[in-house]
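Peer 1: Before we start, here is the structure in question, set down as structure tokens.
The values are calculated or read from the model by the stated rules, or taken from the named source; none is laboratory data. Predicted model, so just to flag it, every value in this text is computed and none were measured. A quick note on method: Cβ atoms are made from the backbone with ideal geometry, for glycine too, and the neighbour counts reach across all protein chains shown. For the accessible areas, the whole protein counts, side chains as well, though only heavy atoms, and no ligand, DNA or RNA atoms are used. Shrake-Rupley method; radii C 1.70, N 1.55, O 1.52, S 1.80 Å.
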Amino acid sequence: MSCRLCNQHCAVSSPQLRVHSRYQITAARHDQRSPPPRINKLRSMSPRPCSAVRQPTLGAARCHRANQSRRPISGINTAPRHSESALRLRSTRSVRTSLQQPLSSRGSRYGRAHPGRDVVVKAGFGENVDGVVVVFGASGRIGRLCVTRLLEDPAVREVRAVVRDRAKALEALPGAEAEPRVVLQVADLGRAADVRSACEGASAAIWCVSLEENRPSPIDLIKGALRMSTPKATVDLILEQLLDLEQDTCLALLSSAAVTRPAWSKEKKATFNSVVDIPIVRLNPFGTLDKQREQEQRVRESGVPYAIVRPVGLNSDWAPGRPVLSQGDVAVGRVNRQDVADVLISAALSEEARGKTFEVITLAGYAPPADRLEAAFSRLFTDEDREDAGEDLGFGSSGADTAGEVAVLAQFNVMQQLLPGAIQDPTKLEMGRTYEEVDAGSVNRRKGAAPTTRERSLAAGIRRRN
């Protein structure tokens, strides 16, 4: 990718400038000796950072060809967000280490790999001699679809369907007992021994457990109240056991779109009002979005290799199609549950999806890609890169002029064109209403209007079911 100032390929020297290279934001210094990449993709570059760039700050851009200072691009924050020493450390780790060293020797704040331990890179089940996938919440509406889809792949040796209730599982998965590759494992996800048994020897794990089930057991809560132990959510036990087993098991976590929006700054909420003033964010039943956001962060900070999948509105009546991935938590629309299951499976098996969080919608009428979304995953940013670029991930506001927030705005502008319906204004929706009703004029909510009594009643009865 060429620089718009000097038409040369530029080697970057900080995480902020790494975003610059991908988006052609030229608030950077350039190196005349930087070799062009072999292919047009940042992750395939082997850059030689310019020796003249001793402090990776975002000062005024300087082009080696003109040999004179240029004003930074309008709208891009050119002030350093961190101390020079912190930027220098992040520069070395995120660019030189991440791009030049093999995966087995990388370290990361967020779980792309276990630091200091060899990692087996799996391109898919064709090269995976184990072929064991664990599906937590296998009797749920998405979990059962994951089990069924995995059985369609002959390279899958074993599908470990983890459930709480065997009778419910047999009802949700008819024929599971007769399928030799399905191991129906009844487990109490609050017991470390059961969780460890489920995870042992797994190549990948898919988490489809609802928030209602992802809570400490009543006994653990009592023990916590008596200070006999610290109650843990079930996902925390999964993370602990995966780390303790020291195996390269990637966890694909089913989350939800909109989880960061309640925590955005007032300014950001105003900028992206059409994805904030929608029923699920306005009402946020039982603080579901906040709990899911916190769960995501625990997964990121655990050190376990992960991929976090955030579907928009789940709708089984919406036709299956092509999953479209985005980042920035600005996607609104519909997604078919089968498409979500396919994305979860692909994310669990793909090295390109590790350490990344993304939203997914279904583009009806388009066939899914034949490469299991490998190309789409490769275009996404890691969560570490997004944080370093200044994106507001729901745990502290960032200025609207950071490179990360500029990228979010670009994503927003694209995703707004993919809204269902003809009106293209999700703020007109009420909870329990559809885009088709908005188009017909039977629903016409005013922007900023308080939730109605009917909406509050619906929200009070919501329990997330997968």
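Peer 1: Of all residues in segment 401-437, which are among the small types (Gly, Ala, Ser) and farther than 15 Å from Asp329 by Cα?
Peer 2: Ala403, Gly421, Ala422, Gly432
Peer 1: Just checking, does segment 262-285 include any residue being hydroxyl-bearing (Ser, Thr, Tyr), modelled with pLDDT under 95, under 24 Å from Ala138 (Cα atoms) and out of contact with any Gly (no Cβ under 7 Å at 6 or more places or on another chain)?
Peer 2: no
Peer 1: Also, I was wondering about something else. Quick test of your reading of the structure: Arg293 fulfils all but one of (1) open to solvent by less than 50 Å² (accessible area, probe 1.4 Å); (2) farther than 28 Å from Ala400 by Cβ; (3) charged (D, E, K, R). Name the failing condition by number.
Peer 2: (2)
Peer 1: Also, I was wondering about something else. For segment 396-424, name all the residues that are surrounded by fewer than 19 Cβ atoms within 10 Å (Cβ to Cβ) and polar (S, T, N, Q).
Peer 2: Ser397, Gln411, Asn413, Gln416, Gln417, Gln424
Peer 1: Which members of segment 141-154 meet the condition of being open to solvent by 20 Å² or more (accessible area, probe 1.4 Å) and either in contact with an Asp or Glu (Cβ under 9 Å, 6 or more places away or on another chain) or within 30 Å of Asp317 (Cβ to Cβ) (or both)? Full working, then the answer.
Peer 2: Let us first name the residues in segment 141-154 that are open to solvent by 20 Å² or more (accessible area, probe 1.4 Å), namely 141, 144-145, 148-149, 151-154.
Across segment 141-154, the qualifying residues are Arg141, Arg144, Leu145, Thr148, Arg149, Leu151, Glu152, Asp153.
Peer 1: Okay, moving on. Which count do you get for residues in segment 361-386 that are open to solvent by 50 Å² or more (accessible area, probe 1.4 Å) and either of a type in the set (Asp, Glu) or part of a helix (DSSP H, G or I) (or both)?
Peer 2: The qualifying residues number 2.
Peer 1: Kindly establish whether Gly404 is part of a loop (DSSP other than H, G, I, E, B) and in contact (Cβ under 8 Å) with a residue 40 or more places away in the chain.
Peer 2: So Gly404 fails the test.
Peer 1: Out of everything in segment 175-188 that is under 17 Å from Val156 (Cα atoms) and among the small types (Gly, Ala, Ser), what residue ends up being surrounded by the most Cβ atoms within 10 Å (Cβ to Cβ)?
Peer 2: Ala176
Peer 1: If you don't mind, another one. Does any residue of segment 425-433 turn out to be open to solvent by less than 50 Å² (accessible area, probe 1.4 Å) and modelled with pLDDT under 90?
Peer 2: Within segment 425-433, none of the residues are open to solvent by less than 50 Å² (accessible area, probe 1.4 Å) and modelled with pLDDT under 90.
Peer 1: Quick one: which residue in Ser255, Ser265, Ser316 is within 30 Å of Thr452 (Cβ to Cβ), open to solvent by less than 10 Å² (accessible area, probe 1.4 Å) and among the polar types (S, T, N, Q)?
Peer 2: Numbers: Ser265 fails: open to solvent by less than 10 Å² (accessible area, probe 1.4 Å); Ser316 fails: open to solvent by less than 10 Å² (accessible area, probe 1.4 Å).
Only one candidate passes the filter, namely Ser255.
Peer 1: So if I check each of Leu393, Leu344, Leu349, which one is open to solvent by 10 Å² or more (accessible area, probe 1.4 Å) and out of contact with any Asp or Glu (no Cβ under 7 Å at 6 or more places or on another chain)?
Peer 2: Step by step, each of Leu393, Leu344, Leu349 is checked, and only Leu349 is open to solvent by 10 Å² or more (accessible area, probe 1.4 Å) and out of contact with any Asp or Glu (no Cβ under 7 Å at 6 or more places or on another chain).
Peer 1: Test of understanding: among Gly355, Gly333, Gly303, which residue is buried (at least 20 other Cβ atoms within 10 Å of the Cβ), farther than 28 Å from Ala460 by Cα and in contact (Cβ under 8 Å) with a residue 60 or more places away in the chain?
Peer 2: The unique qualifying residue is Gly355.
Peer 1: Right, something else. Given the criterion more than 19 Å from Ser256 (Cβ to Cβ) and out of contact with any helix residue (DSSP H, G or I) (no Cβ under 7 Å at 6 or more places or on another chain), identify the matching residue among Ala370, Ala389.
Peer 2: Values: Ala389 fails: out of contact with any helix residue (DSSP H, G or I) (no Cβ under 7 Å at 6 or more places or on another chain).
Just a single option satisfies the conditions, and that option is Ala370.
Yes/no matrix, rows are residues, columns are (1) modelled with pLDDT under 90; (2) more than 27 Å from Asn336 (Cα to Cα); (3) under 28 Å from the mean Cα position of the chain (by Cα); (4) crowded, with 19+ Cβ neighbours inside 10 Å:
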position	(1), (2), (3), (4)
Val135	no, no, yes, yes
Glu171	no, no, no, no
Gly190	yes, yes, yes, yes
Ala198	no, yes, yes, yes
Glu212	yes, no, yes, no
Ile222	yes, yes, no, no
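Peer 1: If you go through segment 236-261, how many residues are modelled with pLDDT of 95 or more and among the aliphatic types (A, V, I, L, M)?
Peer 2: Adding up the residues that qualify gives 7.
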